[in-house]
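Engineer: Dropping the structure in here first, questions after.
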Amino acid sequence: MKIVLRVLFFVALAAILAFVKSKYFPTPNLDASASPAAGGGAPTKALKTAQVTGIVLKGEKLDNKIFAVGTVIASEMVDLRPEASGKITQLNIAEGRPVKKGQLLVKLNDADLQAQIRKTKASLELAQQSEQRLRKLLDVKGISQDEYDIVANQISGLKADLDFSQAQVQKTEIYAPFDGVCGLRSVSLGSYATPQTPIATVVQLNPIKIDFTVPDKYANQTRVGDDIIFSSEGGKSPTPGAASFKGKVYAAESQVDPVTRTLKLRAIAPNNQNLLHPGTFVRVDFNLKETDNALMIPTEALTPVLKGQTVFLCKNGVAVVKNVDIGIRTDTKVQIVNGVEPGDTLITVGIISLRPGQPVKVSVKS
């Protein structure tokens with residue numbers, strides 16, 4: 001009897017557990033479109049056909065123009081600093097006004113040097129008179145050659161002392177090294193200046209120079225003598241109705257910057273009306289060689305990845321990912337230099353949720 005009761009108890013318990021499992025833990029139904037993987041793996045859902053938009057790639061003429069940012073720099077610029085120390089006795093700097101080459105701008109006190117020059121000149125004059133008398137005596141054998149040589153050597157030493165003093169005087173004077181415009185001065189008349197004291201800056205504004213950089217992949221396409229067009233928000237073009245300036249590349253850096261991978265170029269441009277100022281930001285349009293069969297795609301068709309850029313192509317009704325190398329960029333398009341061929345169908349719209357290998361139905365734009 002006890003055995004029967006135990007059997008009935010376990011049967012009832014099993015029935016209760018089966019009821020709880022079926023009610024609260026039902027077995028999920030697999031999608032009818034799913035098929036079991038080989039080897040008893042988990043089922044895989046079939047990818048739905050995606051509705052996308054694309055274009056058929058074909059070559060087109062590309063005006064090979066690159067855009068760069070640059071900076072206006074002075075044709076010549078110098079910071080005025082004295083070579084000697086002393087009190088400023090003359091200050092002929094008109095701030096913001098033109099100066100001429102060779103114009104005296106600053107004079108330091110040189111009273112001690114001028115006194116030394118007068119003393120040396122007096123000693124030199126006396127030595128020269130003695131030399132003339134001794135020469136006459138030497139001619140008649142009245143003195144020895146050694147006695148005459150001593151006086152002649154004194155004259156040479158005094159001349160050297162005079163040259164040294166005059167060189168020291170030149171260090172107390174600052175002249176304009178070229179025609180230009182003087183900036184704001186940092187000292188006043190009567191100030192004590194040293195070689196470390198900045199006086200002012202003189203810049204040459206005509207012509208003006210423009211420094212800009214281009215990516216290293218264009219290094220072999222740039223040449224000294226190439227024309228550029230540049231614009232500045234802070235300057236007006238000297239030509240009425242025009243919004244840009246014209247210049248010419250006259251020098252290039254000897255190596256590519258290993259940090260930025262760019263090549264630095266320098267152009268020169270006329271600035272007769274002083275419309276451009278050093279330090280101004282400019283946008284440079286630089287024309288390279290035109291390309292007749294460039295493959296241009298919309299910028300939004302590119303997908304950035306860790307090691308470059310990819311695009312989606314339609315191959316036999318299936319989405320295929322291709323790694324590509326890009327070239328020139330315009331406002332709306334980018335050049336593809338490697339990875340696709342003319343005649344390929346490029347997917348341009350609907351790539352956000354697209355997966356490699358997914359069937360696609362492409363609406364081709366003309």
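The values are calculated or read from the model by the stated rules, or taken from the named source; none is laboratory data. Here the structure is a predicted model, which means the values were calculated and not measured. All Cβ positions, even for glycine, are placed from backbone atoms using ideal geometry, and neighbour counts span all protein chains on display. Each accessible area value is taken on the protein alone, full model and side chains, heavy atoms only, with ligands, DNA and RNA left out. Shrake-Rupley method; radii C 1.70, N 1.55, O 1.52, S 1.80 Å.
Engineer: Report the calculated FRET efficiency for VAL321 and ASP292 (r = Cβ-Cβ distance, R0 = 35 Å), to the nearest 0.05. Can you show the working numbers first?
Structural biologist: Working: r = 29 Å, r/R0 = 0.82.
Plugging the Cβ-Cβ distance into 1/(1 + (r/R0)^6) gives 0.75.
Engineer: Efficiency by 1/(1 + (r/R0)^6): what FRET value for LYS58 and VAL224, r their Cβ-Cβ distance, R0 = 51 Å, to the nearest 0.05?
Structural biologist: So, using R0 = 51 Å, E works out to roughly 0.90.
Engineer: If ligands, DNA and RNA are left out, what is the accessible area of SER254 with a 1.4 Å probe, given in Å² to the nearest 10?
Structural biologist: Accessible area of SER254: about 110 Å².
Engineer: SER231 versus ARG355, label points 7 Å from Cα toward the beta carbon: distance in nm?
Structural biologist: 4.7
Engineer: Follow-up question, since we're still on this one. On average over all directions, what projected area in square nanometres does the stretch 124-267 have, based on the convex hull of its Cα atoms? Mind showing how you got there, number by number?
Structural biologist: Details: hull surface 77.3 nm².
Its Cα hull, projected and averaged over all orientations, spans 19.3 nm².
Engineer: Report the far tail of the P(r) of the stretch 59-181, meaning the percent of Cα-Cα pairs longer than 21 Å.
Structural biologist: Numbers: 4816 of 7503 pairs.
Percentage above 21 Å: 64.
Engineer: Next up: Starting from 0.36 nm per residue, how many nanometres of slack lie between ASP285 and LYS246 once their C-alpha separation is accounted for?
Structural biologist: 13.1 nm
Engineer: Which distance in Å, rounded to a whole number, links the C-alpha centroids of the stretch 309-344 and the stretch 170-212?
Structural biologist: Cα centroid to Cα centroid, the span is 56 Å.
Engineer: Would you mind checking which residues have amide H under 5 Å from GLN358's amide H? H placed 1.01 Å from N; only 5 or more apart, or other chain.
Structural biologist: Amide H neighbours of GLN358, under 5 Å, 5+ apart: ALA319.
Engineer: So what does PHE164 come to for accessible area, using a 1.4 Å probe and Å² rounded to 10?
Structural biologist: Using a 1.4 Å probe on the heavy atoms, I get roughly 130 Å².
Engineer: Only Cα pairs under 8 Å and at least 6 apart count here; give the relative contact order of the stretch 310-366 as a rounded whole percent. Working shown, then result.
Structural biologist: Details: 77 pairs, mean separation 22.8, N = 57.
Reported relative contact order: 40 percent.
Engineer: Would you kindly derive the ³J(HN,Hα) couplings of the stretch 109-121 from the backbone phi angles with the Karplus curve 6.51 cos²θ - 1.76 cosθ + 1.60 (θ = phi - 60°), listing them in order in whole Hz, with x for Gly and Pro?
Structural biologist: 5, 10, 4, 5, 5, 5, 5, 5, 5, 5, 5, 5, 4
Engineer: Can you list the HN-Hα couplings for the stretch 137-151, worked out from phi with the Karplus curve (6.51, -1.76, 1.60; θ = phi - 60°), rounded to whole Hz and with x for Gly and Pro?
Structural biologist: 5, 5, 5, 9, 6, x, 9, 7, 5, 4, 5, 5, 5, 4, 5
Engineer: Give me the orientation-averaged projected area of the Cα convex hull of the stretch 273-340, in nm², one decimal.
Structural biologist: If I average the Cα hull's projected area over directions, I get 7.9 nm².
Engineer: So, in nm, how far is label VAL69 from label THR330 when the simple model puts each one 7 Å beyond its Cα toward the Cβ?
Structural biologist: It works out to 2.4 nm between the two label points.
Engineer: On a 19 Å Cα-Cα criterion, which of the cross-link pairs LYS61/LYS333; LYS61/LYS264; LYS61/LYS307; LYS58/LYS315; LYS101/LYS248 come out too long? Provide the component values of the computation, followed by the final result.
Structural biologist: Values: LYS61/LYS333 13 Å; LYS61/LYS264 28 Å; LYS61/LYS307 29 Å; LYS58/LYS315 16 Å; LYS101/LYS248 26 Å.
The pairs that break the limit, which is 19 Å between Cα atoms, are LYS61/LYS264; LYS61/LYS307; LYS101/LYS248.
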